[in-house]
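Report on the structure given below.
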Amino acid sequence: MPTRGDDSSTHTAGDQVLSQVAACLAGQARREACVGRYGGEEFAVVLPETGLQGALVVAERIRAAVEAMEPEAEGRRFVITISAGVAQWQKSWHSVEDMIRGADENLYAAKDAGRNRVVG
């Protein structure tokens with residue numbers, strides 16, 4: 001069983017890898033994009049003035065860049081892939097939460113379809 005120290009070390013490595021993923025996301029997104037950690041291992045990328053097709057192109061570029069990463073933390077290399085759900089604002093939505101829900105539904109569709117893909 002891992003000791004408490006080992007668990008702390010694992011969390012530190014995970015945080016280091018997440019920081020590297022965040023830098024990759026920011027580097028691949030457009031200049032006007034807002035990139036942030038949404039919770040746990042989830043990130044959100046908001047692309048103002050971007051239609052669905054443009055957002056799908058950006059999301060695929062991000063997915064491929066993350067897959068090509070070779071993040072290293074605490075002397076270990078990690079293999080990272082992402083699944084992405086993309087949503088465009090709908091007239092029927094009344095809040096940002098509605099848009100997040102739409103993106104989340106597409107995220108789960110990407111995971112259900114085999115992961116490491118973009119659905120929008």
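Anything in region 92-103 that is closer than 20 Å to L56 by Cβ and part of a loop (DSSP other than H, G, I, E, B)? List them, or say none. W93, the sole residue that qualifies. Can you tell me which residues in region 29-41 are farther than 26 Å from H11 by Cβ and either hydroxyl-bearing (S, T, Y) or not in a strand (DSSP E or B) (or both)? Listed by number, the residues that qualify are A29, R30, R31, E32, A33. When region 71-88 is filtered for residues that are modelled with pLDDT under 95 and either in a loop (DSSP other than H, G, I, E, B) or under 13 Å from the mean Cα position of the chain (by Cα) (or both), the ones remaining, listed by number, are P71, E74, G75, F78, V79, I80. Among residues of region 90-103 that are farther than 16 Å from A44 by Cα, those with a Cβ under 6 angstrom from a residue that is surrounded by 10 or more Cβ atoms within 10 Å (Cβ to Cβ), sequence gap 6+ or separate chain, pair up as W93/M99.
Within the set A113, A23, A55, A64, the sole residue that is surrounded by 11 or more Cβ atoms within 10 Å (Cβ to Cβ) and in contact (Cβ under 8 Å) with a residue 12 or more places away in the chain turns out to be A55.
Exactly one residue among A68, A13 is at pLDDT 95 or above and either among the β-branched types (V, I, T) or out of contact with any Leu (no Cβ under 9 Å at 6 or more places or on another chain) (or both), and that residue is A68.
The values are calculated or read from the model by the stated rules, or taken from the named source; none is laboratory data. Remember, predicted model here, so these are calculated numbers, not experimental data. Cβ sites come from the backbone with ideal geometry, for glycine too, and all protein chains shown count toward neighbours.
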